[in-house]
Protein chains: 2
Amino acid sequence: MSEFDIISEFFAKQHCHRKDVMHGIGDDAAIVTPPANQQLAMTTDTLVAGIHFLPSAKAFAIGYKTLAVNLSDLAAMGAEPAWVTLAVTLPEINKHWLQDFCDGFFALANEYDVQLIGGNLARGPLSITAQAIGFLPQGSALLRSQAKPHDLIYVTGTLGDAGLALMHSQLHQPTPRIQAGIALRGIAHAAIDISDGLAADLSHILQQSNVGAKINVDALPLSTELLQALPREKAIELALTAGDDYELCFTAAKDQQAAIEKKLTTIKCTYTQIGIITKELSLELHHQDGKHYQGRTHGYEHF
Amino acid sequence: MSEFDIISEFFAKQHCHRKDVMHGIGDDAAIVTPPANQQLAMTTDTLVAGIHFLPSAKAFAIGYKTLAVNLSDLAAMGAEPAWVTLAVTLPEINKHWLQDFCDGFFALANEYDVQLIGGNLARGPLSITAQAIGFLPQGSALLRSQAKPHDLIYVTGTLGDAGLALMHSQLHQPTPRIQAGIALRGIAHAAIDISDGLAADLSHILQQSNVGAKINVDALPLSTELLQALPREKAIELALTAGDDYELCFTAAKDQQAAIEKKLTTIKCTYTQIGIITKELSLELHHQDGKHYQGRTHGYEHF
């Protein structure tokens, strides 16, 4: 099978044809028409076999997650996803693997009306890089640099579940918080997606916004599954440090509480206030009773 | 060194700041403003160690080529390059390697006013994926599907030099034919870049345009270096089959000869007419005297 046969048999069969895609897969480059008066958000993420997933992971889950981690980055900017390109490096052609991979990738892509417009297929150690592009009204991006002292700090969903899945050698299939990101435009000051662990990712907001934070670790949203599987102390540690949750962490002024409640409840996105932004530059983790948190805070390190 | 330290020390130091880049490296996604009334061309290409370059290849050359192969795809559409993202997978952090890689990448990026707006850094077997985005006036893309019977077939530059470099274990540093692609808007019917060998890449035009071609192999432009290094017959074979030349192959109506001469001479891009598009669907390779070419035509196969 040539590269071109594989592309037409597996990758060119998506049931999503956006009107703004003039030429998708099949030429030297894709040609798309960006919407008038919008900005574009662009992100890229790589999953490497043996690093980001076990060689035994299901191809469907790998395909799904390849797109999910990129859509999560768009969500953290408040962008509406539109197009994606995909660079797949494979040691050999395995038709079943390719079909399952594409099924997982397209399941999520179709759900968000995201069209695969191009890509690359190469021989080599298993690794996948996707790039996603989304739309944003001018100046509405949720940046890491805009947190303000006294902002409330929130997270969506529950934390630590991806870490628990990993302990069971399963590949977590995160739900990118696209609707939440869009809903938070004009409301949140700063946002980031939690891919490296809450403590590490919140630190990026603090650093870029030149502020600090106080986090109540007893307020962290933990799923029933996580609390059933682990002692509470260990569950909190996972929530703070395990990567791969892909929930959003965002900050907003106190007077936005009602707006957040209204917007996120409408789209059925759960959220929890976990702390407050401070002028002092440190990240302070404490329990409900005010005692300092003594556990680990170190998130995922790429090297 | 953390991922973030590496990015800020090496990748965030480009001397190119485009006005249409609102937020580059450093957030969940980059934010850019596309130009009004233009289409976007998007492409992605991967280079894998041991497949696309020898492990001993110079990092500068790898960095240069990573961008060059993507810009070449934009050139083949007639697009003007603007932004690039870069996903680098590395087995370990080697500062000298990273500096040389970035020097090569940015040397070319700065030449074409292309800004690196984001990327990903992961641990794993050495592999680099870049995605380039360029601009095009509405409807001006040079597609593979628009060749017409009686069109003249041209190639830019000389062919086979990349194949010769490979025989000497060197990494060819192609010049992306950006100016030529832009100059050919509205003049050429179809275009492709020669990355898999002329015969294989021309076949894509023929297939997508539903036409055939007659090529005079004695008309193929061969460099003095190639003819000095190899017997003429072997040089022709390399020109037809060796990938990695990254010249453009394009077709145009006969009455565009003067326009092509004028446009390509102005930008000092050499070009050669090598054949003609036919109604008959076959690709026929012949010598100057009309005899059939008997050599190999098989290009690079990805699997």
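The values are calculated or read from the model by the stated rules, or taken from the named source; none is laboratory data. Bear in mind that the values here come from a model prediction, so they are computed numbers and not experimental data. FYI the Cβ positions are ideal-geometry reconstructions off the backbone, even for glycines, and counts take in every protein chain you see. Only protein heavy atoms, including side chains, enter the accessible area calculation; ligands, DNA and RNA are left aside. Shrake-Rupley method; radii C 1.70, N 1.55, O 1.52, S 1.80 Å.
A count restricted to the stretch B:6-17 and to residues that are within 13 Å of chain A (Cβ to nearest Cβ) and within 24 Å of the chain's Cα centre (by Cα) stands at 1. Could you tell me whether B:GLY163 is more than 14 Å from chain A (Cβ to nearest Cβ) and not acidic (Asp, Glu)? Yes; evaluated as a whole, the condition is true for this residue. Inclusion of B:LEU126 among residues that are buried (at least 24 other Cβ atoms within 10 Å of the Cβ), under 24 Å from B:ILE6 (Cα atoms) and at pLDDT 95 or above is not warranted. Of everything in the stretch B:108-119 that is closer than 17 Å to B:LEU98 by Cα and open to solvent by less than 20 Å² (accessible area, probe 1.4 Å), the residue that is nearest to the other protein chains (Cβ to nearest Cβ) is B:GLY118.
The combined condition, being surrounded by fewer than 21 Cβ atoms within 10 Å (Cβ to Cβ) and either in contact (Cβ under 8 Å) with a residue 24 or more places away in the chain or touching a Pro at 6+ places or on another chain (Cβ under 9 Å) (or both), is not fulfilled by A:ALA258. Filtering the stretch B:281-298 to residues that are out of contact with any Asp or Glu (no Cβ under 9 Å at 6 or more places or on another chain) and among the hydroxyl-bearing types (Ser, Thr, Tyr) leaves only B:SER282. Looking across the stretch B:25-67 at every residue that is within 14 Å of chain A (Cβ to nearest Cβ), within 20 Å of A:ALA87 (Cβ to Cβ) and of a type in the set (Gly, Ala, Ser), the one that is surrounded by the most Cβ atoms within 10 Å (Cβ to Cβ) is identified as B:ALA41.
Every listed requirement among (1) in contact (Cβ under 8 Å) with a residue 40 or more places away in the chain; (2) farther than 17 Å from A:TYR246 by Cβ; (3) within 11 Å of chain B (Cβ to nearest Cβ) is met by A:LEU90 save one, (1).
Criterion first (open to solvent by 10 Å² or more (accessible area, probe 1.4 Å), without any contact (Cβ under 8 Å) to a residue 60 or more places away in the chain, basic (Lys, Arg) and facing another protein chain (nearest Cβ under 10 Å)) does A:ARG144 satisfy it? Against the criterion (open to solvent by 10 Å² or more (accessible area, probe 1.4 Å), without any contact (Cβ under 8 Å) to a residue 60 or more places away in the chain, basic (Lys, Arg) and facing another protein chain (nearest Cβ under 10 Å)), A:ARG144 does not qualify. Residues of the stretch A:76-87 that are outside any helix (DSSP H, G or I) and within 9 Å of chain B (Cβ to nearest Cβ): A:ALA79, A:TRP83, A:THR85, A:LEU86, A:ALA87. Residues that are of a type in the set (S, T, N, Q), within 17 Å of B:ALA190 (Cβ to Cβ) and in a helix (DSSP H, G or I) within the stretch B:248-277 comprise B:GLN256, B:GLN257, listed in sequence order.
One residue alone among A:ALA29, A:ALA75 is in contact with a Ser or Thr (Cβ under 6 Å, 6 or more places away or on another chain), modelled with pLDDT of 95 or more and of a type outside the set (Val, Ile, Thr), and that residue is A:ALA29. Residues in the stretch A:128-139 that are in contact with a helix residue (DSSP H, G or I) (Cβ under 9 Å, 6 or more places away or on another chain) and either more than 9 Å from chain B (Cβ to nearest Cβ) or not hydroxyl-bearing (Ser, Thr, Tyr) (or both): A:ILE128, A:ALA130, A:GLN131, A:ALA132, A:ILE133, A:GLY134, A:LEU136. Among the residues of the stretch B:267-289, is there at least one that is of a type in the set (Phe, Trp, Tyr), surrounded by 21 or more Cβ atoms within 10 Å (Cβ to Cβ) and within 25 Å of B:ILE51 (Cβ to Cβ)? No, the stretch B:267-289 contains no residue that is of a type in the set (Phe, Trp, Tyr), surrounded by 21 or more Cβ atoms within 10 Å (Cβ to Cβ) and within 25 Å of B:ILE51 (Cβ to Cβ). When the stretch B:89-107 is limited to residues that are crowded, with 21+ Cβ neighbours inside 10 Å and under 20 Å from the mean Cα position of the chain (by Cα), the one that is nearest to A:ALA49 (Cα to Cα) turns out to be B:PHE101. For the structure I just gave you, tell me whether A:TRP97 is modelled with pLDDT of 95 or more, more than 16 Å from A:ILE178 (Cβ to Cβ) and either in contact with a helix residue (DSSP H, G or I) (Cβ under 6 Å, 6 or more places away or on another chain) or among the hydrophobic types (A, V, I, L, M, F, W, C) (or both). For A:TRP97, the condition - modelled with pLDDT of 95 or more, more than 16 Å from A:ILE178 (Cβ to Cβ) and either in contact with a helix residue (DSSP H, G or I) (Cβ under 6 Å, 6 or more places away or on another chain) or among the hydrophobic types (A, V, I, L, M, F, W, C) (or both) - is met. Have a look at A:ASP73, A:ASP103 and point out the one that is assigned to a helix (DSSP H, G or I) and within 11 Å of another protein chain (Cβ to nearest Cβ). Step by step, each of A:ASP73, A:ASP103 is checked, and only A:ASP73 is assigned to a helix (DSSP H, G or I) and within 11 Å of another protein chain (Cβ to nearest Cβ).
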